[in-house]
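Have a look at the structure below, then the notes.
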Amino acid sequence: MLEGIITAMVTPVDESGKINQTATCQLIDRLIENGIHGLFILGTNGEFHRLSKQQKKEFMKIVVEYTNKRVPVYAGTGGNCTEEVIQMTKSASEIGVDAVSVITPYLLALTEEELYQHYKKIADASSVPVILYNIPKNTGNALSPYLVSRLSKLPNIIGIKDSSGDLENLRSYIDETAKENFSVLVGSDSLILEALKIGATGAVAATSNVLTKTDLLIYQLWKAGDLAQAEKVQKSIDAFRAVLKFGTVPSVLKLAITNTGIDVGSPIAPVLPLKDKKQLEKVKQVLASYEKTETIG
């Protein structure tokens, strides 16, 4: 089962745009030492859509080898061409990831049957488990609860990350797949607690790159049944989520991680680093407010 708080990890790069192995290993160590339950790499915050095939393979290899089974590693292999996704998934399997995450194709709207066949072919060809990834605001293609129900019956499809931000959609996924051995993860950090309360098994959280202990505490308090305190901790991440909106994903997230002492580099072009002085100062102020609980600076 996929469960707990899983970091939607950024992809550290150096000034020339190459994968920064040192920063990657530093970030992995800090996340694992703070208790994270898994690493979700090459997702939206991991800038998968701006990396070459070779860079993706290089990054997977670094993460898998350095993590060394300390926590599970889930790698994004999605794209627009079914055959290319199959080949990237094969590479991920050979490198040793624990499962792959496959975002819906984007650019063109597809029919439900086209989406079903896309995922079925990938799952049938994969030697590692497949996690569906629903983020319709970015891709223009939504995985309906009925389609997820159909896909959940395929033995190699083990779960879904839902970043729709729609709690009712998430609830429908949970209800439609209740009879299957299938995990539903929330991908919207603002909904971690609410998702857990209705049956989600965990969260893939971008904020946990920085607020690792805070996000984990939401999960721990929920497990302990202390919902009142869990609500307070959930609300405490709002200030950080607000400053993340100052720039295009993941520019502010990368800036924040760098400000905590691990230089993960700039976002990959065409996304630009944050430059506004007032916004930069606000990011520093917000990070400072978490110093008592997080590794800041």
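The values are calculated or read from the model by the stated rules, or taken from the named source; none is laboratory data. Given the structure is predicted, the values throughout are model-derived calculations rather than measurements. Cβ sites come from the backbone with ideal geometry, for glycine too, and all protein chains shown count toward neighbours.
For region 79-99, the criterion of being modelled with pLDDT of 95 or more, within 14 Å of the chain's Cα centre (by Cα) and closer than 21 Å to Leu253 by Cβ is met by none of the residues. Exactly one residue out of Thr248, Thr295, Thr214 is closer than 19 Å to Asp29 by Cβ, in a loop (DSSP other than H, G, I, E, B) and in contact (Cβ under 8 Å) with a residue 24 or more places away in the chain: that is Thr295.
Residues in region 234-243 include at least one that is touching a helix residue (DSSP H, G or I) at 6+ places or on another chain (Cβ under 9 Å), outside any loop (DSSP other than H, G, I, E, B) and of a type in the set (Ser, Thr, Tyr). A search for C-beta distances below 8 Å between a residue of region 15-29 that is touching a residue at least 40 places away in the same chain (Cβ under 8 Å) and any residue that is β-branched (Val, Ile, Thr) and in a helix (DSSP H, G or I), counting only pairs 6+ apart in sequence or on different chains, returns Ile19/Ile62; Gln21/Ile62; Thr24/Ile62; Thr24/Val63; Cys25/Ile62; Leu27/Ile257.
Give the residue that is farthest from Leu170 (Cα to Cα), with candidates limited to residues of region 114-149 that are among the aromatic types (Phe, Trp, Tyr) and out of contact with any Lys or Arg (no Cβ under 7 Å at 6 or more places or on another chain). Filtering region 114-149 for residues that are among the aromatic types (Phe, Trp, Tyr) and out of contact with any Lys or Arg (no Cβ under 7 Å at 6 or more places or on another chain), the one farthest from Leu170 (Cα to Cα) comes out as Tyr119. Working only within region 223-244, note down all residues that are basic (Lys, Arg) and over 26 Å from Glu281 (Cβ atoms). Across region 223-244, the qualifying residues are Lys223, Lys232. Looking at Ala99, is it within 30 Å of Gln26 (Cα to Cα), in contact (Cβ under 8 Å) with a residue 12 or more places away in the chain and in contact with a strand residue (DSSP E or B) (Cβ under 6 Å, 6 or more places away or on another chain)? Criteria met by Ala99.
Restricting to region 129-138, name every residue that is surrounded by fewer than 21 Cβ atoms within 10 Å (Cβ to Cβ) and not basic (Lys, Arg). Across region 129-138, the qualifying residues are Pro129, Pro136, Asn138. Under the condition of being farther than 19 Å from Ser101 by Cβ and either in contact with a strand residue (DSSP E or B) (Cβ under 8 Å, 6 or more places away or on another chain) or among the hydroxyl-bearing types (Ser, Thr, Tyr) (or both), the residues counted in region 20-44 number 2. Which one is nearest to Ala99 (Cα to Cα) among residues in region 143-155 that are of a type in the set (S, T, N, Q) and crowded, with 18+ Cβ neighbours inside 10 Å? Residue satisfying both the conditions and the ranking: Ser152.
With respect to the conditions (1) outside any strand (DSSP E or B); (2) under 19 Å from the mean Cα position of the chain (by Cα), Lys161 lacks only one, and its number is (1). Here Asn45, Asn80, Asn68 are screened, and the one residue that is under 30 Å from Leu217 (Cα atoms) and surrounded by fewer than 19 Cβ atoms within 10 Å (Cβ to Cβ) is Asn68.
Of all the residues in region 181-199, those that are within 15 Å of the chain's Cα centre (by Cα) and either free of Cβ contacts under 8 Å to residues at least 40 places away in the same chain or in a loop (DSSP other than H, G, I, E, B) (or both) number 5.
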